[in-house]
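Report on the following structure.
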Amino acid sequence: MFVVTVEFQIEPAHVDAFREAVLMQAQNTLDHEEACRRFDVAVDPGNSGRFFLYELYAGEAGFQAHLRTDHFVRFDRVVGDWVQRKTVETWEMVI
């Protein structure tokens with residue numbers, strides 16, 4: 001399995017809109033991408049603009065396909081100006 005983690009820091013004025021957009025993105029991914037097995041969205045209780053995503057794909061090819069989907073491209077375009085910082089890491093699941 002291929003794991004992707006993403007940490008976002010969002011501009012304060014856009015936190016609510018980002019929350020709505022990222023939750024829709026997670027649902028679209030789970031509903032329309034067979035390779036996506038999990039898509040969790042978490043927020044830092046002490047910093048409402050700090051979001052953490054945990055995504056699990058059947059393999060790296062599934063994640064690469066995800067990056068080309070219409071819903072991801074649309075999400076990335078919409079939220080791009082709201083993001084102060086974004087860190088993406090990939091992992092290989094051991095167990």
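We did not get these values from a lab; they are worked out from the coordinates using the rules stated. Please read these numbers as outputs of a predicted model, since none were measured by experiment. Here the Cβ is made from the backbone with ideal geometry for all residues, glycine too, and neighbour counts use every protein chain on show.
Details
- Counting neighbouring Cβ atoms within 10 Å and putting the fewest first, the residues GLU92, GLU7 line up as GLU92, GLU7.
- Share of pairwise Cα separations in the chain, more than 23 Å, in percent: 21 percent
- The angle between the Cα long axis of helix 15-32 and the main principal axis of the chain comes to about 20°, on a 0 to 90 degree scale.
- Helices in the chain, meaning DSSP H runs of at least 4 residues, each add -39500 (n - 2.57). Divided by all residues, the mean residue ellipticity at 222 nm is -11500 deg cm²/dmol.
- Highest average first, the peptides 70-76, 33-39 ordered by how many other beta carbon atoms sit within 10 Å of their residues are 33-39, 70-76.
- Label-to-label distance for GLU60 and LEU30 is 2.7 nm, based on points extended 7 Å past Cα in the beta-carbon direction.
- Mean Cα-pair separation over length for the chain, i.e. relative contact order, pairs under 8 Å, 6 or more apart, %: 47 percent
- Between the Cα long axis of helix 70-79 and the first principal axis of the chain there is an angle of about 20°, rounded to the nearest 10.
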